[in-house]
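These notes concern the structure reproduced below.
The values are calculated or read from the model by the stated rules, or taken from the named source; none is laboratory data. These figures come from a predicted structure and were not determined experimentally. Methodologically, a virtual Cβ is constructed for each residue, glycine included, from the backbone with ideal geometry; neighbour enumeration extends over all protein chains shown.
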Amino acid sequence: MLVIDSVSKSLGEFSLSNVSLSVEDGEYFIVLGPTGAGKTILLETIAGIYSPDTGRILLNGRDITDVPARERNIGMVYQDYMLFPHLTVEANIGFGLRSRRADPAFIRGKVEGSADLLNISHLLHRYPGTLSGGEQQRAAIARALVMEPEALLLDEPLSALDVKTRENLRAELAQIHEATGTTIVHITHNFEEVFDLADRVAIMRGGDVIQVGTPEEIFRRPNSDFVAGFVGVENLLRGTGSPDGTVAVEDLRIRVENGMSGPVSVAIRPEEILLSKKILPENGKNVFSGRVDSVRPNGGLVRVFVDAGVLFKVTLTRQGFEEAGFAPGDAVYLAFRPSAAHVYPSGVQKGA
Amino acid sequence: MSKGNVSRFQMVTIAVALLITAFIVLVLIGVVTHSPLGVLIECLLSEEIQFAVRLSIITSVVSTLLCILVAVPVAYALARYTFPGKSLMNMVMDIPMALPPLVAGVGLLLFFGVSPIGKSLDAMGLVFVFTPLGIIVAQFFVNLPYMLRVTRSTFQGVNPRYEYVAKTLGCTDAQAFWRVTLPMSSNGLLAGSVITWSKGIGEFGAALMLAGATRMKTETLPLSLFLNMSTGKLEYAIAAATILIMISVISLYAFERYGGATHVY
């Protein structure tokens, strides 16, 4: 288990403020946040490149706060690979084992095994400069994995790659995690990587951890406007909560599951809203009438904006949209379950 | 009144470039072709010129090695670490480059000739005034800033994350430097060494002040050129100048060739 306990670090314009996280053994943990959120400093502090100003870091029960990077047994992979350009792929992968003065035959065996796992056995004699981005990233991952690290840190490992390579490597990262059981901390600004890979996610902003949970929890129940916006919740309504389990937004009373009093935000995902020209039965749902304001096709999906006193964004499949034939000005009904309306207090945001 | 797409402005600028190129070539060819070939070869093979070549090569190689030895750690500290007084140090270490070499030479002469440090070195048998040792020190003092600048910018060009990765793979700071940063900087260091060496070969002012101009004792190629000019032995001066021109052209080529690749990483 990797425990980051109240770690602060200030480094010029980037900083970490009192970050606490714990990553379970064998967990695939993703740290998600925009550029400048302090994600790379967090990884470099875990790796031992920087020592924290305050706080502790524990790895499998051992306090490693003051242990130098070389003795931590934590692997690091950067977005830009950082393969040593003057060494072949084979020498890059074997670099760490040679630091430990391992037996050459042992090194060869481990390097071949690691290269095999990453499907780069045919590239061992090449120099990094002659490889594609995806091949270089595989070599960089092999170089870290060959050390059998207690934790593997991945700093935006897929961000520099083209779409196709990124998808392949993403699938392979999941397989590698499955095969090796290594504890992985992976940082990214791309929410897509979360659902495929993460057991749990932490959302960071401005050097602060704002929310931690499973991808499903973060996706369904964001705790702030920032997280809601980051995970693509497009309907963020401000209102006043009542103890009876409703929230007043303008003239609408929205029934919600987790009611709270006072100023709140209501987050509703655009794909959770049902849209119809015919009146919809309530059955405990929220049903409102409105007019189609505008329609925006977006690939296989269509976004429909509905004015129901409040502007709602609704996502439909193209097929569903064409069958119903919505056009601007049409009178429509929209409906969503109270459980689709996630409520959190507004105004008192962490990290804002 | 331009013809086709060549403007008058374009023609003027290119013409000036052509003229100045021709001027430089003419000046150099004028030196190299001044003596008849037989006389030139005879002078090149003379004992005096041979001595000057040997002394120049030995002093410049030693001073270049000293520059590398000092510049590598200093440039690394300046490129990688922040510490109090760093910008002041940076400025001070560039001063010898801006200083007229004669002024540097006077300073060195006073330091090694009359200062307590110089006197105690003298007592230990390390005599720099009017000796070949003085030539080495003069070259070192004047040329260190060049080596330092090239080396510093080379180290700055190597992303420190390479070292971070090396450390997570079991390297100490020193091992990360030896196994990663230094090999990745080899082109830049080579280019810096070549330019430092060729400047060392040509060093005149500071060496003249500290080591004096004694025939067959502190007579490097530029000093030989100076001595022979002043005593009217033009053909010997020409021989020394010819060798200096060849060294300059070759080392410039080598610098461009390796220096151009300094920032591949």
Restricting the first residue to segment A:100-119 and requiring it to be on the phi < 0 side of the Ramachandran plot, which pairs with a second residue that is outside any helix (DSSP H, G or I) meet a Cβ separation below 6 Å and a spacing of at least six or different chains?
A:Arg100/B:Gly170; A:Lys110/A:Val146; A:Ser114/A:Val146; A:Ala115/A:Leu124
Only residues that are within 7 Å of chain B (Cβ to nearest Cβ) and more than 27 Å from B:Ser186 (Cβ to Cβ): list them for segment A:73-88, please.
A:Ile74, A:Gly75
Please work out which one of (1) away from every other protein chain (no Cβ under 14 Å); (2) at negative phi is the condition B:Gln175 fails and give its number.
(1)
With a cut-off of at least 3 residues that are modelled with pLDDT of 95 or more, name the helices (runs of 4 or more DSSP H) lying wholly within segment B:35-108.
B:47-80
Show me the helices (runs of 4 or more DSSP H) found entirely inside segment B:169-239 where at least 1 residues are closer than 30 Å to A:Ala102 by Cα and modelled with pLDDT of 95 or more.
B:173-176
Can you tell me which of (1) surrounded by 22 or more Cβ atoms within 10 Å (Cβ to Cβ); (2) assigned to a loop (DSSP other than H, G, I, E, B) is the one A:Gln79 doesn't meet?
(1)
Can you report the number of residues in segment B:23-54 which are among the β-branched types (Val, Ile, Thr) and either within 27 Å of B:Arg215 (Cα to Cα) or assigned by TED's automatic domain parsing to the domain that holds B:Leu244 (or both)?
7
Strands (runs of 3 or more DSSP E) fully within segment A:130-210 counting 2 or more residues that are under 30 Å from A:Ala91 (Cα atoms), within 14 Å of chain B (Cβ to nearest Cβ) and touching a strand residue (DSSP E or B) at 6+ places or on another chain (Cβ under 6 Å):
A:151-155
Tally of residues being more than 14 Å from chain B (Cβ to nearest Cβ), within 19 Å of A:Arg72 (Cα to Cα) and free of Cβ contacts under 8 Å to residues at least 60 places away in the same chain across segment A:10-46:
1
Which members of segment A:47-72 meet the condition of being hydrophobic (A, V, I, L, M, F, W, C) and at the interface with chain B (Cβ under 10 Å from one of its Cβ atoms)?
A:Ala47, A:Ile49, A:Ala69
Quick one: which of A:Pro52, A:Pro34 is in a loop (DSSP other than H, G, I, E, B), at negative phi and at pLDDT 90 or above?
A:Pro52
Given the structure, is A:Ile254 β-branched (Val, Ile, Thr), modelled with pLDDT of 85 or more and farther than 25 Å from A:Gly33 by Cβ?
yes
Which ones in segment B:131-172 are farther than 18 Å from B:Ser198 by Cα and polar (S, T, N, Q)?
B:Thr131, B:Ser153, B:Thr154, B:Gln156, B:Asn159, B:Thr168, B:Thr172
Pick out the one residue from A:Ala105, A:Ala91 that is farther than 18 Å from A:Leu173 by Cβ, of a type in the set (Gly, Ala, Ser) and away from every other protein chain (no Cβ under 13 Å).
A:Ala105
Based on this model, can you work out whether B:Ile20 counts as outside the structural domain of B:Lys233 (by TED's automatic domain parsing), modelled with pLDDT of 95 or more and among the β-branched types (Val, Ile, Thr)?
yes
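The rows are residues; the columns are (1) part of a helix (DSSP H, G or I); (2) within 14 Å of chain A (Cβ to nearest Cβ); (3) basic (Lys, Arg).
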{"residue": "B:Lys119", "(1), (2), (3)": "yes, no, yes"}
{"residue": "B:Asp122", "(1), (2), (3)": "yes, no, no"}
{"residue": "B:Ile135", "(1), (2), (3)": "yes, no, no"}
{"residue": "B:Phe140", "(1), (2), (3)": "yes, no, no"}
{"residue": "B:Pro145", "(1), (2), (3)": "yes, no, no"}
{"residue": "B:Ala166", "(1), (2), (3)": "yes, yes, no"}
Could you please tell me which pairs satisfy a Cβ distance under 9 Å, a separation of 6+ or placement on different chains, a first residue in segment A:229-246 that is closer than 9 Å to A:Pro263 by Cα, and a second residue that is crowded, with 16+ Cβ neighbours inside 10 Å and of a type in the set (Gly, Ala, Ser)?
A:Arg238/A:Ser265; A:Arg238/A:Ser346; A:Gly239/A:Ser265; A:Gly239/A:Ser346; A:Gly241/A:Gly259
So which residues in segment B:167-221 are without any contact (Cβ under 8 Å) to a residue 40 or more places away in the chain and farther than 30 Å from A:Ile49 by Cβ, if there are any at all?
B:Ala213
Residue count, segment B:79-107, condition closer than 13 Å to B:Tyr146 by Cβ and more than 21 Å from the chain's Cα centre (by Cα), comes to 0
